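Submitted below is the structure of interest, expressed as structure tokens.
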Amino acid sequence: VRALLAGAPSFAADLWTRRRTVMQRGIEGFRKQYIGSALGILWAVLKPAVHVLSLWLIFSVGFRQSRSGTYPFVLYLLSGTCVWQFVSEALAKGTQAVTENSHLVKKVVFPLEFLPVVRLLSSLLFHLVFLGLVAAVSILSGHPPGIAILQLPYYLFAGVALLLGTVWATSALRVFVK
């Protein structure tokens, strides 16, 4: 544990030094995911919106659930789906980060520990778009975010830190398990 903590400042300093490269690769990964599709970046909004709409129709209309609580069901559904999409996409992309970038591993001097960071950043950009959608739906439904929204940066930081550790472990294991 001490060895891991001792290396944290040097990793943070190296990440800060290469921040432009990491940001460019993260934005490039986000664009690459949607650029080849027919609707382009619009899929970043349409994909989760269609998913939430179908779940809302199934649970609210299909099962005829009665409304309980002060907030509409769709806000709970959007909030949960937002987190789920981020975690599942970050884990899926991050686990494949080293094996999909074997050209960088073999030919270019690029620190391997940054590859999962780039993928996580790409997923985080998608998550921020989805958070904007959740905020817009919340405001339009008459339930604007309250003072609790101030906790969002902490939860984002904690979630990213947890996912980064998990993605580092899974991407390292993925190299040996194909």
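The values are calculated or read from the model by the stated rules, or taken from the named source; none is laboratory data. This is a predicted model, so every value here is computed, not measured. For neighbour counting, all protein chains shown are included, and Cβ atoms are generated from backbone atoms with ideal geometry for every residue, glycine included. When the accessible area is computed, the model is the full protein with side chains, heavy atoms only, and any ligands, DNA or RNA have been set aside. Shrake-Rupley method; radii C 1.70, N 1.55, O 1.52, S 1.80 Å.
Hey, can you tell me all the residues within region 133-154 that are surrounded by fewer than 10 Cβ atoms within 10 Å (Cβ to Cβ) and in contact with a helix residue (DSSP H, G or I) (Cβ under 6 Å, 6 or more places away or on another chain)?
Residues satisfying the conditions do not exist here.
Continuing with the same structure: Restricting to region 158-178, give me the number of residues that are open to solvent by less than 40 Å² (accessible area, probe 1.4 Å), among the β-branched types (Val, Ile, Thr) and either touching a strand residue (DSSP E or B) at 6+ places or on another chain (Cβ under 9 Å) or closer than 13 Å to Leu112 by Cβ (or both).
Of the residues in that region, 1 qualify.
Out of the residues in region 43-86 that are polar (S, T, N, Q) and at pLDDT below 75, which is most open to solvent (accessible area, probe 1.4 Å)? Give the steps one after another, and end with the answer.
Step one: filter region 43-86 for residues polar (S, T, N, Q), giving 54, 60, 65-66, 68, 70, 79, 81, 85.
Restricting the remaining residues to those that are at pLDDT below 75 gives 65-66, 68.
Numbers: Gln65: 123, Ser66: 99, Ser68: 87 Å².
It comes out as Gln65.
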